[in-house]
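K.L.:
Have a look at the structure that comes next, please.
The values are calculated or read from the model by the stated rules, or taken from the named source; none is laboratory data. No experiment lies behind these values; they were computed from the predicted model shown. Neighbour counts run over all protein chains shown; Cβ positions are idealised from the backbone, glycine included.
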Amino acid sequence: MQELIEVGVIESKTYVWREGLTDWMFAKDVQELVVYFGNAPSGSATPPPPPPAHFGSETSGSPANSTRSSSALGGSTPPRLPAAYHPNVPAEAYAIQSDKSRVVAGMLNFLPGFGRFYLGYASIGLLQLLLCPCFGIGWIWSVIDGIGILAGACPEDGYGRQIVS
């Protein structure tokens, strides 16, 4: 939090929330953060929507929620909020990059559906593969799709991660 305040991502009038607070508060009003606002720039922002009802609950049963560490603000660390909750941070900062290659996927798609299987789009890959015997429709679709993948028409893999190269 201190680093975010120092670089100006969190300003004194930025709304923040943590476990134990009943509502969003200005960062300058949170007791643990007051010491960091000596020379920090002051701005104004509209309050973000309230956190989801399940935010910070440990009853979901997911391993991520059961092994939580203590934060600098005290208490447990809530899961990372989506970019919409951080108006001063660009959405690209939260993008997860895929381990898949656009070139490999595009070239594999010259074999009906293989590129889509590689990217994690199993249903599209299966459809291209099954339509291949039907007058080559699946193969033509797959080749055109492969060219599109190479050109960047498919920016994410089947798991929502950005394909970089």
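Yes/no per residue for (1) over 21 Å from the mean Cα position of the chain (by Cα); (2) assigned to a loop (DSSP other than H, G, I, E, B); (3) farther than 30 Å from E11 by Cβ; (4) at pLDDT 85 or above:
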site	(1), (2), (3), (4)
T46	yes, yes, no, no
P50	no, yes, no, no
S57	no, yes, no, no
L111	yes, yes, yes, yes
L130	yes, no, yes, yes
G146	yes, no, yes, yes
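K.L.:
If you don't mind, another one. Given the condition touching a residue at least 60 places away in the same chain (Cβ under 8 Å) and surrounded by 19 or more Cβ atoms within 10 Å (Cβ to Cβ), answer yes or no: does some residue in region 117-134 qualify? First the steps, then the outcome.
P.N.:
Residues of region 117-134 touching a residue at least 60 places away in the same chain (Cβ under 8 Å): none.
For region 117-134, residues touching a residue at least 60 places away in the same chain (Cβ under 8 Å) and surrounded by 19 or more Cβ atoms within 10 Å (Cβ to Cβ): absent.
K.L.:
Please list, ordered by first then second residue, the pairs with beta carbon atoms under 8 Å, 6 or more apart or interchain, first in region 6-19 and farther than 16 Å from E32 by Cβ, second among the basic types (K, R).
P.N.:
K13/K28
K.L.:
Can you report the number of residues in region 148-165 which are buried (at least 16 other Cβ atoms within 10 Å of the Cβ) and either assigned to a helix (DSSP H, G or I) or not assigned by TED's automatic domain parsing to the domain that holds F114 (or both)?
P.N.:
Of the residues in that region, 2 qualify.
K.L.:
Can V164 be described as among the β-branched types (V, I, T) and at pLDDT below 85?
P.N.:
On the way: among the β-branched types (V, I, T): yes; at pLDDT below 85: yes.
So V164 fits the description; yes.
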